[in-house]
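Scroll down for the structure; my scribbles are underneath it.
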Amino acid sequence: MKRILSLLLVLSMLLSLGLVNASAEAQFVDGKFTEPVTITVEIYNRSNDGGTDPTNNKFTDYIKKGMLDKYNVVVEYVSVPRWTEVDEINNLLASGDAPDVCVTYSYPTIQTYASMGGVLDLAPYLTEHKDKLTNLFNLLGDYNIYYDQDPTTGELWAIEALLAERARINLFVREDWLAKLNLAVPTTLQEFEDMLVAFQNNAELLLGEDADRMIPYTTSYDIGWRNDHLLTSFVPDAATDDELYVNGFDDRHLLYPGYKEGVRVLNKWYNMGLIWKDFALYGSGDTTEDSYIKAGFVGAFMHNWDYPYRNGEESIIANLKRNVSEDANYIAIECFQNDAGVYRKFLADSVDRKVFFPYTNDQPLASLLYLDFISSPETVVYLQTGDEGVNHVVTENGAIQTVAATAPDIMNSGMNIDYTITINGLQLFDAELTGKSKALNYAGIDADDVVQALAASTNGGRTVAHYNVGAITAEEGIGTSLSEKRDAFLCRAIVASVADFDKIYDEGMADYLASGGQDIIDERAEKIGYTK
Amino acid sequence: MKVQRASLTRREKKSLGRMSWKQYMRRYGTLYIMLLLPVIFFIVFRYAPMAYILSAFKKNNIIKPPWEVAWAGNNGFEWFIKAFKNRDFIYALRNTVTLNFLDLIIGFPAPIILALLLNELTFKRFKRITQTIVYLPHFLSWIIISGLALRLLAPNDGLVNIVLKNAGMEPIHFLDDSNNWVWTYIMLGIWKEAGWNTIIYLAALTGISPELYEAASVDGAGRFRKIWHVTLPGLRSTIITLLIMNLGRILGSEFDRPYALSNKLVTDVSNVISIFVYQNGIKGSQFSLTTAVGLFQSVIGVFFLLGANKIANKFGERGVW
């Protein structure tokens, strides 16, 4: 028995050696491998209703066929649950099974893996193969490709995908309620507050027998994201990029100057009964708030710039029209001016997901060619728009209008964002056509509303300059616990009585800073030589 | 008790001495084969992973096996020192002990009382139906219970508070006030598990000889006297065993119960060690730090277990071993 077992082991070792040799023998000649080379690629599994197998469908077939024909590269997909992707990649990396091409939204995670020796340095490969990667360099540019390069060592652990759509957040109000109450669209903080009070006072008129369900304004526990335009309108216009970088670790802008005054407004509104009372009890992914919005009880809210328009027949607008009436509608407006009178919004830099190759990747060239292939204009357009007549129709003026498709033609993610891992946002490589088509990207939504939302979300936008100073050690491993702290103390400060607000906010902020926040500020300041 | 056990093994030895190896295996071999599977399970899933405890003393790395990784600073104790300097860990430790202690004081007697009540029911069918109903919540996951709790207890939209409001009373903040949350947490725990935990006590109750009750009746004992002098002494060793096992878990923490029931307004009391480990280890990639925390938790748990067992022995009880 023992002998058979050891024989088997030796045999399998020889076999695997043989396989490795076979792929090592594949030469890259005239833009193609001489022998088939296999790479594995991470793909999110969203387990959506009516969706297709994310590793095997008409869009993966398109990529697989393209890669095989063009480069003799066999592509295999490894699906990873969307909402627990970091946990899953942890496991795969620890067991040495991580896909050759990995993608995540969290750069600190990649930084941690890199400091464990778990990530390939891309810099030498990019230099060596630059001539074969024209599509990748054309789409992303040096800015995105070398965004995370360490300025001293030159190491590059990840490539940043392009964020083609800069709009982030919008403030939405019920257009039909404004009309019913004969109110003009508010344009200042005071007018907005007056409008909320008017909603509250006219609950009978607006909601009839559901008057006691009236919610003038709603938010979730994610205070920073869901009230961003209000909170950042208190940031002084004169704040320099240096100051904002040093205080910019938190992606909800918590450390920006003036933030507290914005939260104070929310505290006041909460105590006036203008905000949904139970907002802090529900966690991420809970649909209670959405169902109130869909039922027509909510006057105003802030959310992702296109939130009420997403998901076709299941969108907030579609539900609202079914539940309330045909004129019920949300429009995007701007109310919060900063001290210079500008409707300022802080926009993200043009970076999105981060693509990295784990240390187990023994096919860096084939993997880079994969990134190049999915970045070619032809592939991007096909993946984002699908087949004409099935996934989209072309309107009279040439624009591309999305239509809802079902399996096997359904896109598991909007515009196949999970496959186009080098770009996020519609890109048809023709600015005019892209602009026209964007507004038609939402099945069943008035194109004018989408255009208005896009403008309202980006008008007065400011992007803080990118500081490339290498790894900040104080930031490693601490992001999650600091975000949890932030959400908890902001929620507590908002539901506090007006008299207790300062105490609770200051205590929470002190705890945040003492738990690692201050170290990050100090290290950032030191790295760029910033003094207050 | 000890004497009895020793004599048993002596007797066994004697009988073994008379048997040859072959005879012994023929008689008991199948039992060993049946034992093989659980032993393999324990080796693969319980003992082999213990090698990775080493990573509590090594630099943070999941790419290489821990024995290939360099030692952590401070003679390998860097992560333990870091944990105790971490305010969140101290809060988590405090909350874990508080919640588990309250659970023990309030939650532990609940199934005993329930079992005594059930035992006194004379109408058999009613008893059986009651038993089934009190077991049922055990089969619900904490995720479902947290959903139910929100629907029932939310301060504005919860059913209980709507009823209170309609009756002209102020809503009770079961879930969004830190003190009330602790009581809600404990009470929901009792509701979920008390019924299920009666099983073991009811089983022990069937082991009490009816003659003892008859004798007590002859001596003129009433219902409460009988409970006090017959039923409770009959349950004593079961109660002690379970109490010791529970004490071993005083620093252990469930994850799904506090995580599902928690919300942003009560994190000051609801963040327990398991949540700390989840947030910093799995989500924050600080694997060595959280392994150190886990090891600390286990070591303290063992101390409690040993201590409780010793005390039980001292008071003349058998203990767990």
The listed residue being within 14 Å of another protein chain (Cβ to nearest Cβ), part of a helix (DSSP H, G or I) and either of a type outside the set (Val, Ile, Thr) or within 19 Å of residue B:98 (Cβ to Cβ) (or both), out of B:175, B:164, B:148, B:188
B:148
Restricting the stretch B:130-142 to residues that are assigned to a helix (DSSP H, G or I) and exposed (fewer than 13 other Cβ atoms within 10 Å of the Cβ), which is farthest from the other protein chains (Cβ to nearest Cβ)?
B:132
When you scan the stretch A:489-498, do you find a residue that is among the small types (Gly, Ala, Ser) and under 19 Å from the mean Cα position of the chain (by Cα), even just one?
no
Suppose we keep only residues that are among the aromatic types (Phe, Trp, Tyr) and modelled with pLDDT under 95 within the stretch A:106-130. Which one would you say is farthest from residue A:472 (Cα to Cα)?
A:113
Top-ranked residue in the stretch B:46-63 [being within 8 Å of residue B:288 (Cβ to Cβ) and among the basic types (Lys, Arg); ranked as surrounded by the fewest Cβ atoms within 10 Å (Cβ to Cβ)]
B:59
Looking at the stretch A:82-101, which of its residues are within 21 Å of residue A:47 (Cα to Cα) and within 14 Å of another protein chain (Cβ to nearest Cβ)?
A:83, A:84, A:85, A:86, A:87, A:88, A:89, A:90, A:91, A:92, A:98
Condition first: under 30 Å from residue A:97 (Cα atoms), free of Cβ contacts under 8 Å to residues at least 24 places away in the same chain, among the β-branched types (Val, Ile, Thr) and more than 14 Å from chain A (Cβ to nearest Cβ). Can you find one or more residues in the stretch B:63-78 that meet it?
no
Residue that is away from chain B (no Cβ under 14 Å), free of Cβ contacts under 8 Å to residues at least 60 places away in the same chain, assigned to a loop (DSSP other than H, G, I, E, B) and surrounded by 16 or more Cβ atoms within 10 Å (Cβ to Cβ), where the choices are A:426, A:440
A:440
Of all residues in the stretch A:119-146, count the ones that are hydroxyl-bearing (Ser, Thr, Tyr) and either at positive phi or out of contact with any helix residue (DSSP H, G or I) (no Cβ under 9 Å at 6 or more places or on another chain) (or both).
2
Any hit, the stretch B:235-250, residues being under 20 Å from residue B:178 (Cβ atoms) and more than 14 Å from every other protein chain (Cβ to nearest Cβ)
no
For the list (1) in contact with a Ser or Thr (Cβ under 9 Å, 6 or more places away or on another chain); (2) surrounded by fewer than 16 Cβ atoms within 10 Å (Cβ to Cβ); (3) outside the structural domain of residue A:54 (by TED's automatic domain parsing), I need the number of the one condition that residue A:395 fails.
(3)
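Taking the stated definitions as given, is residue A:44 among the aromatic types (Phe, Trp, Tyr), more than 21 Å from the chain's Cα centre (by Cα) and more than 14 Å from chain B (Cβ to nearest Cβ)?
It is false that residue A:44 is among the aromatic types (Phe, Trp, Tyr), more than 21 Å from the chain's Cα centre (by Cα) and more than 14 Å from chain B (Cβ to nearest Cβ).
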Scan the stretch A:273-289 residue by residue and report those that are surrounded by fewer than 23 Cβ atoms within 10 Å (Cβ to Cβ) and more than 12 Å from residue A:215 (Cα to Cα).
A:282, A:283, A:284, A:285, A:286, A:287, A:288
Those helices (runs of 4 or more DSSP H) completely within the stretch B:205-321 that have 2 or more residues that are over 30 Å from residue A:497 (Cβ atoms) are B:210-218, B:223-226, B:232-248, B:256-261, B:273-277, B:287-314
Scanning the stretch A:453-465 for residues that are part of a loop (DSSP other than H, G, I, E, B) and either at positive phi or surrounded by 15 or more Cβ atoms within 10 Å (Cβ to Cβ) (or both) gives A:460, A:464
Looking at B:257, B:318 in this structure, which one is away from chain A (no Cβ under 13 Å) and crowded, with 21+ Cβ neighbours inside 10 Å?
B:257
Please work out which one of (1) touching a Phe, Trp or Tyr at 6+ places or on another chain (Cβ under 9 Å); (2) within 14 Å of another protein chain (Cβ to nearest Cβ); (3) polar (S, T, N, Q) is the condition residue A:287 fails and give its number.
(1)
Please work out if residue A:211 is part of a loop (DSSP other than H, G, I, E, B) and either free of Cβ contacts under 8 Å to residues at least 40 places away in the same chain or farther than 30 Å from residue B:156 by Cα (or both).
no
In the stretch A:451-477, what residues are under 19 Å from residue A:343 (Cα atoms) and among the aliphatic types (A, V, I, L, M)?
A:451, A:453, A:454, A:455, A:456, A:464
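Residues are listed down the side, and each one gets a yes or a no for (1) within 14 Å of chain B (Cβ to nearest Cβ); (2) within 30 Å of residue A:282 (Cβ to Cβ):
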{"position": "A:433", "(1), (2)": "no, no"}
{"position": "A:474", "(1), (2)": "yes, no"}
{"position": "A:479", "(1), (2)": "yes, yes"}
{"position": "A:504", "(1), (2)": "yes, yes"}
Across the stretch B:268-302, what is the total count of residues that are of a type in the set (Ser, Thr, Tyr), surrounded by fewer than 23 Cβ atoms within 10 Å (Cβ to Cβ) and within 8 Å of another protein chain (Cβ to nearest Cβ)?
0
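The values are calculated or read from the model by the stated rules, or taken from the named source; none is laboratory data. Quantities reported herein were computed from a predicted structural model and do not represent experimental measurements. Cβ coordinates were reconstructed from backbone atoms using ideal geometry, including for glycine residues, and neighbour counts include every protein chain displayed.
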